[in-house]
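The values are calculated or read from the model by the stated rules, or taken from the named source; none is laboratory data. Source: prediction; values computed, not measured. Here the Cβ positions follow ideal geometry from the backbone for every residue, glycine too, while neighbour counts run over all protein chains shown.
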Amino acid sequence: MKIAVCIALIGSAISTATGMHDDDLLFGRDNNRVEVIQPQPHPVRQMSSVAGRFILDVGMDFYYDYTTGQPHLQFCRVQQVWISSGLVGSKSGFGNVFCESGCRNFFDLPTGGTPHHHFIFAAPSPGVYVWDVRGINGVARGGAPLQDMPYAYRVYMVAGNPLRLFGNVVPAQGYQGDLYSLRLTVQLRRGGAAIAQSTLPPNPTAIYPYMVGFNQPAGAYTIVAKLSKHLSRRMDNLSLAGARAQDWVFTTLGDLNNDDRVNDADLLQALFAFGTNTPDADANGDGVVNDADLLIILFNFGAVGEGAQ
Ligand SMILES: [Ca+2]
Ligand SMILES: [Ca+2]
């Protein structure tokens with residue numbers, strides 16, 4: 001009995017020490033492509049405050065099949081797709097591996113004979129930080145090459161207790177492109193003046209398609225959300241304290257130059273790119289700039305975003 005209790009205590013001590021492993025990104029295969037098998041979706045992670053900065057341990061490994069005990073993969077590269085400004089992922093012996101600029105921004109599994117690795121992500125100030133990755137160049141255990149992950153897997157990291165907004169992002173009805181290729185900017189205003197803003201690609205595969213954080217005191221704010229190619233939406237007198245759900249539904253397409261107005265500048269941009277596949281001039285995101293894009297701009301001509309100043 002004493003031994004059993006002792007083992008149970010050791011077991012609980014070990015699971016506490018290694019509890020972060022529950023959230024390790026486990027790379028495996030889904031039919032003929034690489035996939036993060038679990039956790040799906042990734043839970044929102046709270047960073048720890050250590051010596052004046054915020055840190056989080058993020059692990060990765062291959063996914064091992066329960067019945068065979070074998071990994072799905074023999075190789076994959078973890079490729080960063082997006083990272084928030086200020087967030088840095090480092091590893092002992094490797095230095096800074098993941099960051100906004102100047103880092104290699106990928107890591108191969110296995111490295112040094114093992115697919116199991118941990119990174120310390122660090123941020124300088126309270127906020128919500130984002131790390132998006134894809135598994136690419138995968139090779140199945142049997143040697144078959146696998147297709148790359150078609151989407152970005154997102155990890156949200158919360159530093160401190162910032163004001164947070166999270167929820168869904170709905171593009172205009174006529175938009176046919178990938179939501180992830182757009183950028184959402186959420187701006188906090190008080191007395192008409194912008195005091196903070198955060199930009200990220202909306203990710204419909206994440207636990208929340210968007211989440212942003214602001215290191216500001218609780219209170220009532222005006223919030224303006226702008227999705228690229230769309231006119232902005234505005235919410236006045238929104239009471240913020242801690243985290244709050246707030247979905248954004250965008251109704252008006254055609255703002256190609258993102259000045260929050262649909263006018264002749266957008267029309268000219270589409271005309272100059274007519275017949276090409278220039279992404280910035282492709283209002284409806286269907287991959288080509290043609291009369292459908294011109295019609296969207298003409299139909300919404302003169303419209304101004306709710307948050308335009
Ligand atoms: Ca415009
Ligand atoms: Ca188009």
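Within region 235-267, being of a type in the set (Ser, Thr, Tyr) and farther than 28 Å from VAL158 by Cβ holds for THR251, THR252. For residues that are within 22 Å of ASP57 (Cα to Cα) and touching a strand residue (DSSP E or B) at 6+ places or on another chain (Cβ under 6 Å), scanning just region 159-177, find the one that is surrounded by the most Cβ atoms within 10 Å (Cβ to Cβ). Per the criteria, the residue is ALA159.
Of all the residues that make up region 39-70, how many are over 23 Å from ALA159 (Cα atoms) and not hydrophobic (A, V, I, L, M, F, W, C)? Going through region 39-70 one residue at a time, the tally reaches 9. Within region 289-304, is there a residue that is under 26 Å from the mean Cα position of the chain (by Cα), touching a residue at least 12 places away in the same chain (Cβ under 8 Å) and either exposed (fewer than 15 other Cβ atoms within 10 Å of the Cβ) or not assigned by TED's automatic domain parsing to the domain that holds PRO41 (or both)? Looking through region 289-304, none of the residues is under 26 Å from the mean Cα position of the chain (by Cα), touching a residue at least 12 places away in the same chain (Cβ under 8 Å) and either exposed (fewer than 15 other Cβ atoms within 10 Å of the Cβ) or not assigned by TED's automatic domain parsing to the domain that holds PRO41 (or both). For first residues located in region 29-41 and under 17 Å from PHE75 (Cα atoms), partners that are surrounded by fewer than 17 Cβ atoms within 10 Å (Cβ to Cβ) and not aliphatic (A, V, I, L, M) and lie 6+ apart or on another chain with Cβ distances below 8 Å form the pairs ASN32/GLN147; ARG33/GLN147; ARG33/ASP148; ARG33/PRO150; VAL34/GLN147; VAL34/ASP148; ILE37/ASP30.
Summed over region 269-281, the residues that are surrounded by fewer than 18 Cβ atoms within 10 Å (Cβ to Cβ) and either near ligand 1 (Cβ under 10 Å from one of its atoms) or at pLDDT below 95 (or both) give a count of 0.
Conditions (1) loosely packed, with under 15 Cβ neighbours inside 10 Å; (2) in contact with a Pro (Cβ under 7 Å, 6 or more places away or on another chain); (3) among the hydrophobic types (A, V, I, L, M, F, W, C), marked per residue:
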| position | (1), (2), (3) |
| --- | --- |
| VAL81 | no, no, yes |
| LEU109 | no, yes, yes |
| PRO126 | no, yes, no |
| TYR129 | no, no, no |
| ASP132 | no, no, no |
| GLY142 | yes, no, no |
| LEU146 | no, no, yes |
| TYR151 | no, no, no |
| MET157 | no, no, yes |
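Selection of first residues in region 242-253 that are in contact (Cβ under 8 Å) with a residue 40 or more places away in the chain and of second residues that are in a strand (DSSP E or B) and hydroxyl-bearing (Ser, Thr, Tyr), restricted to Cβ pairs under 9 Å at least 6 apart or on distinct chains, gives the following pairs, ordered by first then second residue: TRP248/TYR210. Of the residues LEU231, LEU253, the single one that is within 9 Å of ligand 1 (Cβ to nearest atom) and under 20 Å from PRO209 (Cβ atoms) is LEU231. Of the residues that make up region 140-158, is at least one within 13 Å of the chain's Cα centre (by Cα), assigned to a loop (DSSP other than H, G, I, E, B) and either more than 20 Å from TYR208 (Cβ to Cβ) or outside the structural domain of GLY219 (by TED's automatic domain parsing) (or both)? Yes, the conditions are met somewhere in region 140-158. Among the residues of region 210-240, those identified as buried (at least 22 other Cβ atoms within 10 Å of the Cβ), farther than 17 Å from LEU163 by Cα and not basic (Lys, Arg) are LEU227, HIS230, LEU231, SER232.
Just a yes or no: is a residue in region 282-291 more than 16 Å from ligand 1 (Cβ to nearest atom), in contact with a strand residue (DSSP E or B) (Cβ under 9 Å, 6 or more places away or on another chain) and among the polar types (S, T, N, Q)? Checking region 282-291: not a single residue is more than 16 Å from ligand 1 (Cβ to nearest atom), in contact with a strand residue (DSSP E or B) (Cβ under 9 Å, 6 or more places away or on another chain) and among the polar types (S, T, N, Q).
The requirement of being among the hydroxyl-bearing types (Ser, Thr, Tyr), away from ligand 2 (no atom under 14 Å from the Cβ) and modelled with pLDDT of 95 or more is fulfilled somewhere in region 247-258, by at least one residue. Among the conditions (1) outside any loop (DSSP other than H, G, I, E, B); (2) over 20 Å from GLY192 (Cα atoms); (3) within 16 Å of ligand 1 (Cβ to nearest atom), the only one that LYS226 does not satisfy is (2). Of the set (1) free of Cβ contacts under 8 Å to residues at least 24 places away in the same chain; (2) within 11 Å of ligand 2 (Cβ to nearest atom), all apply to LEU271 but (2).
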